[in-house]
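S.K.: Okay, handing you the structure first.
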Amino acid sequence: MTHDKKTPLTHWLTSPGLDAGGDLRAPRAGEHGPSRRQFVRALVLGMTVSGALAACGGSDGDDEPAGGGDTGGGGTPVPEVAFHFGVASGDPLADRVMLWTQVSSDQDVDLPVGWQVAEDESFTRIVSEGSVIATAASGYTVKVDAQGLSAGRDYCYRFTSHGVQSIVGRTRTLPAGSVQQARLAVFSCSNYPAGYFNVYAEAARRRDFDVAVHLGDYIYEYSRDGYASGEAEALGRLSLPAHEILTLVDYRERHAQYRSDADLQALHAVVPMIAVWDDHEISNDTWMAGAENHDTATEGDFALRRAAAIQAYHEWMPTRLPDAAQPDRIYRSFAFGDLLALHMLDTRVVGREQQLDYADYIGAGGIDAQAFVADVGRADRQLMGTAQTRWLQQQMTASTATWQVLGQQVLMARMQVPAPLLMNFTDPTTGVSVTAYAAIVAKAQSNPGALTPAELAVLQAPSIPYNLDAWDGYQAARETVLGMARALDKNLVVLAGDTHNAWASDLRDLAGNAVGVEFATSSVSSPGFEQYLASVPPQQLAPMLVQLIETLRYCDTSRRGYMRVVASPEQCRAEWIYVDTVTRRTFTASVGQVATTQAGSHVLSLAAA
Ligand SMILES: [Fe+2]
């Protein structure tokens, strides 16, 4: 694997000196940037951040920021600082919230950073404040757990260092007591080289929710010419660094590039985010001790890579560690009063056994179905691990909230499709295409007597899971979670991402009991089925999947978007909001589908958009 020399972005993160031409992209040959002072002032004045910030006063900058060449009283140069990556908040509770920023300077020195939380945009009613030191040890990222706040109310916050002020962020604590409404915006799979973050921009503009929930693939680990990068150069979104990320420096640089995006900055600046990682924050198809996209022979010890990825993640995300001694433990709960308990899960790192692979069951005599069924159904096969499973049981048992919501990565619903179709999905030269399958189904309905033996065999073929990386590959673990929700008689809503497509399903246990519903969000920018199955029109694929998959009620296989989930004591409602493009800056957004589940029903209903 080729590793390029340091880019300007790396330079910021490893050595805080800021070049005169420093920018989030490498300066072109012969190009001269603004003076260092002009550049820092431009950033401090919020010029890279969208107008969505204006709601909380925007940046008020600083008329006299400490500048290059200035000296302190003793002749010591005063660091010239800037908050290039905006601000963020996250993991709100009823009395506290995490605040985040990153501060860059032209000197490799510790930087004092003051922070304030106020009830008003002009910061006349300050309710919490303090100071911390930003150091090289955390890549000059800053995280503060601002406490002493009141439940269910909006706050403004900001940071200051050496006279330079960050933009002003807006956040909100969780409500407590009797709560009538909770509003979540749910995101996953934001791939920088794949497209513009129009989905984030739309959500930031609307800001009609209390908290953003990110279900992972917040960054992608691939090299510049890797997955979903075909349009990256034309879009001006080539990955940094150019190589696949492996080390702490690499992961920091990739996070920084994503956080240089104005639309993502805008979202972070207006709502708190509750996030968990999926696989790509580390590497594709991560499991406990490895990943599909990790080769120990050429890329080293996976444990080291995993630790580096997790360190960078917590440096750059506004997460609150449940246990500071265990940075890989990210599962944690959030209470929206008596209305909703949000349990954020880790189905990737702490307990997942390695994925099964159909290729391991195919021999000269065809697929060894018996062996596959035995392995995929093994009673102790783990997705979350025993400790996390026990914790979830305790959390759900203790919570009296109306809605028990699982914020997690991979699809929980059974997504089994006829084997001939699945074979065709993975290799178009085999199996039966969607078009051919639809023709056979139509023939079976109109003239069954005319079906050929081959067509009959297609119709009688077993249905098998399409994605063994999802809960379908961990069937006992799924049954355990569904069983605990049913035994506790909870209203279960599962949120999922990972697939880059939108899904709504009923969740039933193996006995067929209705246990809850799953609302799965599309991606922010990663491509979906429209790219993998380019020969099948989405308007043909979606209804066929709904027809073939028993518990699937809705899907969209071609549009990028996010989900708005609104809970009340009576119902939980999901809206799928889509943008019409991620390859142009100008876009329109629309609600593509609405689904609801009534408390006590354990099933979903589709409604008109
Ligand atoms: Fe993804």
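S.K.: Being modelled with pLDDT of 90 or more and within 17 Å of Leu541 (Cα to Cα) is the requirement here; does Asn424 meet it? Don't jump to the end; show me each part of the working.
M.R.: Working: modelled with pLDDT of 90 or more: no; within 17 Å of Leu541 (Cα to Cα): yes.
Spelling it out, it is not the case that Asn424 is modelled with pLDDT of 90 or more and within 17 Å of Leu541 (Cα to Cα).
S.K.: Which residues, taken from the stretch 188-198, are in a helix (DSSP H, G or I) and within 16 Å of the ligand (Cβ to nearest atom)?
M.R.: Tyr192, Pro193, Ala194
S.K.: Residue under question is Ser568, and the condition is that it be among the polar types (S, T, N, Q) and within 16 Å of the ligand (Cβ to nearest atom); does it hold?
M.R.: On the way: among the polar types (S, T, N, Q): yes; within 16 Å of the ligand (Cβ to nearest atom): no.
No, not satisfied.
S.K.: Next question, about the same structure. Out of curiosity, is Asp225 part of a loop (DSSP other than H, G, I, E, B) and within 14 Å of the ligand (Cβ to nearest atom)? Break it down into steps so the answer makes sense when it comes.
M.R.: Numbers: part of a loop (DSSP other than H, G, I, E, B): yes; within 14 Å of the ligand (Cβ to nearest atom): no.
The answer is no for Asp225.
S.K.: So which of Ala307, Ala242, Ala289, Ala275 is closer than 23 Å to Asp469 by Cα, over 21 Å from the mean Cα position of the chain (by Cα) and not aromatic (Phe, Trp, Tyr)? First the steps, then the outcome.
M.R.: On the way: Ala307 fails: over 21 Å from the mean Cα position of the chain (by Cα); Ala242 fails: closer than 23 Å to Asp469 by Cα; Ala275 fails: over 21 Å from the mean Cα position of the chain (by Cα).
Checking each option against the conditions leaves just Ala289.
S.K.: Looking at Ala387, Ala371 in this structure, which one is over 31 Å from the mean Cα position of the chain (by Cα) and either farther than 19 Å from Val546 by Cβ or surrounded by 13 or more Cβ atoms within 10 Å (Cβ to Cβ) (or both)?
M.R.: On inspection, the qualifying residue turns out to be Ala371.
S.K.: Every residue in the stretch 524-555 that is touching a strand residue (DSSP E or B) at 6+ places or on another chain (Cβ under 7 Å) and under 17 Å from Asn467 (Cα atoms), please.
M.R.: Matches in the stretch 524-555: Ala542, Leu545, Val546, Leu548, Ile549, Thr551, Leu552, Cys555.
S.K.: For the condition more than 16 Å from the ligand (Cβ to nearest atom), in a strand (DSSP E or B) and touching a residue at least 40 places away in the same chain (Cβ under 8 Å), what is the one hit in Ala151, Ala185, Ala176, Ala201?
M.R.: Values: Ala151 fails: in a strand (DSSP E or B); Ala176 fails: in a strand (DSSP E or B); Ala201 fails: in a strand (DSSP E or B).
So the residue among Ala151, Ala185, Ala176, Ala201 that is more than 16 Å from the ligand (Cβ to nearest atom), in a strand (DSSP E or B) and touching a residue at least 40 places away in the same chain (Cβ under 8 Å) is Ala185.
S.K.: Then there's this: Run Ile330 past the list (1) out of contact with any Pro (no Cβ under 9 Å at 6 or more places or on another chain); (2) part of a loop (DSSP other than H, G, I, E, B) and report the number of the one that doesn't hold.
M.R.: Going through (1) out of contact with any Pro (no Cβ under 9 Å at 6 or more places or on another chain); (2) part of a loop (DSSP other than H, G, I, E, B) one by one, Ile330 breaks only (1).
S.K.: Can you pull out every residue in the stretch 522-539 that is in contact (Cβ under 8 Å) with a residue 40 or more places away in the chain, within 16 Å of the ligand (Cβ to nearest atom) and crowded, with 16+ Cβ neighbours inside 10 Å?
M.R.: Ser522, Ser523, Val524, Ser525, Ser526, Pro527
S.K.: When you go through (1) among the small types (Gly, Ala, Ser); (2) surrounded by fewer than 19 Cβ atoms within 10 Å (Cβ to Cβ); (3) touching a residue at least 24 places away in the same chain (Cβ under 8 Å) one by one for Ala436, which number turns out not to apply?
M.R.: (3)
S.K.: Do you know which of the residues in the stretch 457-505 that are within 16 Å of the ligand (Cβ to nearest atom) and in a strand (DSSP E or B) is farthest from the chain's Cα centre (by Cα)?
M.R.: Trp503
S.K.: Can I ask one more? Those residues that are farther than 13 Å from Arg564 by Cα and crowded, with 24+ Cβ neighbours inside 10 Å, I need them from the stretch 194-218; list them, please.
M.R.: Across the stretch 194-218, the qualifying residues are Ala194, Gly195, Tyr196, Phe197, Asn198, Leu215, Gly216, Asp217, Tyr218.
S.K.: If you go through the stretch 299-314 one residue at a time, do you hit one that is within 30 Å of Asn198 (Cβ to Cβ), small (Gly, Ala, Ser) and at pLDDT 95 or above?
M.R.: Checked the stretch 299-314: at least one residue is within 30 Å of Asn198 (Cβ to Cβ), small (Gly, Ala, Ser) and at pLDDT 95 or above.
S.K.: Taking Tyr331, is it in contact with a His (Cβ under 9 Å, 6 or more places away or on another chain) and not hydrophobic (A, V, I, L, M, F, W, C)?
M.R.: It is true that Tyr331 is in contact with a His (Cβ under 9 Å, 6 or more places away or on another chain) and not hydrophobic (A, V, I, L, M, F, W, C).
S.K.: Suppose the filter is more than 14 Å from the ligand (Cβ to nearest atom) and closer than 22 Å to Gln547 by Cα; does Pro453 pass it?
M.R.: no
S.K.: Here's something else I'd like to know. Limited to the stretch 530-554, what total is found for residues that are out of contact with any helix residue (DSSP H, G or I) (no Cβ under 6 Å at 6 or more places or on another chain) and not in a helix (DSSP H, G or I)?
M.R.: Residues that pass the stated criteria total 9.
S.K.: Now a separate question. Any residue at all in the stretch 540-550 that's within 16 Å of the ligand (Cβ to nearest atom) and touching a Pro at 6+ places or on another chain (Cβ under 9 Å)?
M.R.: no
S.K.: Going by the structure shown, is Val271 more than 16 Å from the ligand (Cβ to nearest atom), surrounded by 18 or more Cβ atoms within 10 Å (Cβ to Cβ) and among the β-branched types (Val, Ile, Thr)?
M.R.: Answer is yes for this residue.
S.K.: Additional query: If you check Phe519 against the conditions, is it aromatic (Phe, Trp, Tyr), surrounded by 17 or more Cβ atoms within 10 Å (Cβ to Cβ) and touching a Ser or Thr at 6+ places or on another chain (Cβ under 6 Å)?
M.R.: Numbers: aromatic (Phe, Trp, Tyr): yes; surrounded by 17 or more Cβ atoms within 10 Å (Cβ to Cβ): yes; touching a Ser or Thr at 6+ places or on another chain (Cβ under 6 Å): no.
The answer is no for Phe519.
S.K.: Would you check which residues across the stretch 315-341 are polar (S, T, N, Q) and either surrounded by fewer than 21 Cβ atoms within 10 Å (Cβ to Cβ) or within 19 Å of Ser399 (Cβ to Cβ) (or both) and list them?
M.R.: Gln326, Ser333
The values are calculated or read from the model by the stated rules, or taken from the named source; none is laboratory data. Model, not experiment: these values are computed from the prediction. Cβ: placed from backbone, ideal geometry, glycine included. Neighbour counts: every protein chain shown.
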